[in-house]
Structure formats: C-alpha cells, structure tokens
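Here is the structure we will look at.
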Amino acid sequence: MLPPGKIPVDVLKEVVFKNLGAQRKEITLGPTTGVDGTVIDLGEKSLIVSMDPITGAVERIGWLAVNVNANDISTFGVEPAFLFSCLMLPQGADKTMVETISNQMGQAAQELGMAIVGGHAESTPNLTHPIVVGCAIGYTPKGKYVTSASAKPKDKIILTKTAGVEGTAILASDRETELKTILTTPELLRAKEFYNKISVVKDALTAYKTGGVHAMHDPTEGGILGGIHEMADAASLGVHIRQENIAIAPETTKICRFFKIDPLQLIGSGALLIAAQNEKTDEIIASLNKNQIQASIIGEFSDNKTQRLITDSRGKTEALQRPASDHLWKALSRT
C-alpha cells in the first residue's frame with residue numbers, strides 16, 4: 001500500500017518514468033526525481049511547465065493552488081505567467097463553493113501577474129472534499145534558467161523564511177477548534193496568516209537576479225528535510241545540515257508539539273532552498289534581507305552522495321532522515 005502524499009521515488013522510477021509516451025526533440029528537461037518542472041525549448045524561448053495538486057487544505061485551497069504552482073516556476077529563476085486549473089468538487093457542492101475557490105484563484109493570480117487561461121471544473125461522485133490541480137507555465141530566453149538538479153559540491157544551502165510554513169497555515173485554519181486549547185487568540189491568528197508567506201516568487205527571483213545561484217527548490221511535501229533530499233537526489237550529491245540554523249516559528253513549534261509531528265517534515269511551501277557559490281552567499285542573503293525576506297545558511301552540499309548528515313545543537317551528527325510521508329497527513333489523521 002502506498003503512503004499518503006507523493007508516490008515513493010522507487011515507484012516513479014520503476015513505473016511512471018517508463019511510461020512517458022513519445023520522445024520529442026523540444027524537451028530539454030523531462031520528468032526526473034527532485035525537479036518540479038519540465039523545460040521545453042521552442043525557437044528562442046524556453047518554456048518552464050509545472051503541475052501540482054492541492055489536496056490537504058480546504059479553507060484557502062484556490063489561493064494555495066495558484067501560489068504553489070507559481071512557486072515551482074520561480075525556482076527556475078523564471079516569472080510565472082500562465083495557469084491551467086482542474087477543479088474537482090465534492091458530491092453535493094454548490095455554486096457558492098465554485099465562487100469561493102474561483103475568487104481565491106483570481107485574486108492570487110492577479111497579485112502574481114498571472115493569467116488563468118483554461119482548465120476544467122466538475123462535481124465528482126464520492127469525493128469528500130475539493131481538490132484543485134494546477135499547471136503553471138513561464139517562459140524565458142532559451143537556456144536562461146536554473147534547476148533544482150544543478151547544485152554543485154561545496155555550494156552553501158540558504159533557506160528563506162522558516163520550516164513548515166504551509167503546514168502551519170493549513171493546521172491553524174482546518175484544525176482551529178483543537179488548537180484553541182493550546183494557542184492564544186493572537187498566536188492562532190498569526191499562524192493562520194502564514195498563508196501570506198507561502199509565495200516564494202519574490203524570494204527566488206531576488207536570489208537569481210543577484211547571481212551565484214546554481215539551484216533552487218521549494219520544499220513542499222516532506223518539508224525541509226524532504227526538499228533537501230530531493231535537491232541532493234537530483235544533483236547526485238551528499239549534504240551536511242546544521243539543524244540549529246533552520247528557523248522555526250514559535251507558532252509552528254507549538255502546533256507541531258500538539259500534534260506530535262516534526263516541523264522539519266511538515267509541508268513547507270513558503271520557504272525556499274537555494275544552492276549558491278560560497279563567495280556569493282553574503283550578497284544573496286543581503287539582497288533577500290533588503291526585500292524583507294528572512295534567510296540563513298543551513299548547510300552545504302558535498303561530492304559524497306552517500307553521506308547525508310545533520311548535526312543538532314548539541315553537536316551530535318547523524319543521518320539526515322528521509323520523510324516517508326509528510327507529517328501534515330499525520331496531524332490531519334489525529335482526532
């Protein structure tokens with residue numbers, strides 16, 4: 001039986017990646033592990049295309065669908081421009097639900113300068129909650145982009161914002177009743193407002209334009225730890241992380257303690273992982289800070305791909321855990 005969330009990497013390699021249809025010469029970068037988009041070259045332009053579903057959130061599902069898909073395009077150093085969406089509504093849904101989700105998507109796309117150019121919407125038998133699948137597209141001069149697979153040995157890893165941003169927002173909104181028992185009203189309000197931090201478009205474009213960036217990746221399912229492993233997988237590298245340098249917001253800490261989950265394995269849209277030349281890291285962090293974006297160096301990549309380590313605040317070093325499933329699912333399954 002498959003775990004909740006993303007299909008395991010071995011299943012992708014053994015099944016999905018062996019059934020990709022015809023080969024096309026326009027495809028410069030096709031489906032691969034650890035990379036959240038495809039590159040299609042058309043004349044003098046490169047199209048960056050990515051797709052993501054929103055399945056574990058309800059209250060702001062339309063807003064999330066736009067921003068999470070836009071994030072994937074921006075990690076290539078490219079501005080997101082267009083969005084297709086597939087809206088699947090639960091049985092018994094009404095016009096109000098369609099309007100709510102559509103309004104959220106329209107507002108989010110407007111803020112990012114994106115056009116919603118097509119898609120599909122339906123009421124789906126036996127579905128218990130809405131699902132929104134998005135497909136985002138950006139374009140850039142041919143070859144002018146980075147991928148999450150381009151990290152190099154000795155690159156420093158910069159993390160923007162904090163761990164578990166999206167998970168904090170989802171749990172604060174969808175499990176508000178339970179969390180009122182351990183969070184004050186101001187804390188709960190701040191946690192719900194983490195939705196406003198989920199876009200990394202500004203983070204990614206700021207870093208890329210500063211220079212010295214080899215790779216970028218937004219940690220979604222599996223959180224910060226999952227995102228780090230995905231970058232290392234894509235580049236066939238090892239990694240050493242300093243846990244004490246990974247910022248965790250107080251609201252996230254309290255929520256994760258309540259649900260008995262790890263903030264480093266909680267869905268992390270809103271943070272950005274950047275692999276950069278050592279000599280450019282200070283300049284990149286300064287550029288991010290100038291744009292009111294929190295950032296810190298949390299580790300570095302190495303050429304030993306079998307060695308992935310994390311050192312805690314006490315100096316203890318152990319293997320970097322690979323999440324089997326995002327801890328959001330653990331929290332949502334608790335009653």
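Nothing in this text is a laboratory measurement; each read-out follows from the coordinates by a stated rule. Predicted model only: the values in this text are computed from it and were never measured. Cβ atoms come from the backbone with ideal geometry, glycine included; neighbour counts cover every protein chain shown.
So the values come out like this:
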item	result
Ranking of H214, H327 by count of other Cβ atoms within 10 Å, fewest first	H214, H327
Normalised contact order of the chain, rounded percent, pairs of Cα under 8 Å and 6 or more residues apart	22
Residue-wise HN-Hα coupling along the range 209-220, computed from phi with Karplus coefficients 6.51, -1.76, 1.60 (Hz; x: Gly, Pro)	5, 5, x, x, 8, 9, 7, 9, 7, 9, x, 9
Listed residues K197, K152, K260, most fluctuating in the chain (Gaussian network, C-alpha, under 10 Å)	K260
Length-normalised contact order for the range 266-335 - Cα pairs under 8 Å, 6+ apart - percent	31
Positive-end residue, the chain charge dipole about Cα centroid, Cβ charges, pick of M231, T306, L188	T306
Most fluctuating residue given options K254, K280, K290, as computed from a GNM of the chain linking Cα atoms under 10 Å	K290
5 angstrom amide H check on S46, placed H, neighbours 5+ away	T140, K142, G143
The range 188-335 - percent relative contact order, Cα under 8 Å, separation 6 or more	37
For the range 203-335, size of Cβ-based charge dipole, Lys and Arg +1, Asp and Glu -1, in debye	440
For I54, residues with placed amide H under 5 Å, excluding near neighbours	V132, V133, G134
Selected from I224, I73, I182 as most flexible by GNM, with the chain as the system and alpha-carbon contacts under 10 Å	I182
Cross-link table K254/K316; K45/K202; K13/K95, entries beyond 32 Å C-alpha to C-alpha	K13/K95
Alpha-carbon Debye profile of the range 156-333, log10 I(q)/I(0) at 0.09, 0.10, 0.11 Å⁻¹	-0.30, -0.37, -0.45
Bridge type composition, the chain - antiparallel percent by DSSP, nearest 5	75
Within-15-Å neighbourhood charge of N103 [Cβ basis; K, R +1; D, E -1]	-2
Efficiency of FRET between V98 and K202 - r from beta-carbon atoms, R0 25 angstrom, step 0.05	0.25
Charge dipole of the chain about the Cα centre (unit charges at C-beta), most positive-ward option of T317, I101, G211	T317
P(r) of the chain over all Cα-Cα pairs, binned every 20 Å from zero, in whole percent	31, 61, 8
Point-charge dipole on Cβ atoms (K/R +1, D/E -1) for the chain, about Cα centre, debye to 20	440
Placed amide H near L29: partners under 5 Å, 5+ positions off or other chain	V39
Karplus (6.51, -1.76, 1.60) ³J(HN,Hα), θ = phi - 60°, over the range 30-46, in Hz, Gly and Pro reported as x	x, x, 7, 5, x, 10, 9, x, 10, 10, 10, 8, 10, x, 8, 10, 10
Whole-percent pair-distance distribution, where bins are 5 Å wide, for the alpha carbons of the range 9-141	2, 10, 18, 20, 17, 15, 11, 6, 1, 0
Karplus (6.51, -1.76, 1.60) ³J(HN,Hα), θ = phi - 60°, over the range 153-159, in Hz, Gly and Pro reported as x	x, 6, 4, 7, 9, 9, 10
Theoretical FRET efficiency, 1/(1+(r/R0)^6), r = Cβ-Cβ of K13 and A286, R0 30 Å, to 0.05	0.15
Within the range 84-186, percent of DSSP bridges classed antiparallel, to nearest 5	40
Alpha-carbon centroid distance for the pair the range 272-335 / the range 75-124, whole angstrom	31
